[in-house]
Amino acid sequence: MLRKLLFLSLLGAFGAAQAAPMVSPGQSLAATCFNCHGPHGVSTTAIPSLAGRSAQSIEETMAEYKSGKRTGTIMPQLAKGYTDEQIKLIAAYFAQQKH
């Protein structure tokens, strides 16, 4: 009986884990942006929303921050912490979000 209960408990936990939505690498990387740019890139403050912007626009902006062409308080430092591939993943994630 105990084995059966343990098995059913594990089966239920496994099923719940299977039903959980998968987090993409882009979403995982973009989560660090949520603090300032809002959940999933939808800002409710003066900081611009990223949701719905084109991936190309986000990539260009991040490249400008990374190179020093664009100034800012925190974004230049943050941009330098990402590889170009990571920036592409982040940009693709935000481009797919609804504004």
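The values are calculated or read from the model by the stated rules, or taken from the named source; none is laboratory data. Everything numeric here is computed off the predicted structure, so don't read it as measured data. FYI the Cβ positions are ideal-geometry reconstructions off the backbone, even for glycines, and counts take in every protein chain you see.
Some observations on this one:
- Residues within the stretch 58-75 that are in a helix (DSSP H, G or I) and free of Cβ contacts under 8 Å to residues at least 24 places away in the same chain, tallied: 7
- Residues satisfying the stated conditions in the stretch 36-57, i.e. exposed (fewer than 15 other Cβ atoms within 10 Å of the Cβ), without any contact (Cβ under 8 Å) to a residue 24 or more places away in the chain and either of a type in the set (D, E, K, R) or within 19 Å of Ser24 (Cβ to Cβ) (or both): Pro39
- Filter pass, Ala13 being surrounded by 10 or more Cβ atoms within 10 Å (Cβ to Cβ), of a type outside the set (S, T, N, Q) and either within 20 Å of Met75 (Cβ to Cβ) or at pLDDT below 55 (or both): yes
- Residue tally, condition without any contact (Cβ under 8 Å) to a residue 12 or more places away in the chain and surrounded by 12 or more Cβ atoms within 10 Å (Cβ to Cβ), over the stretch 76-99: 2
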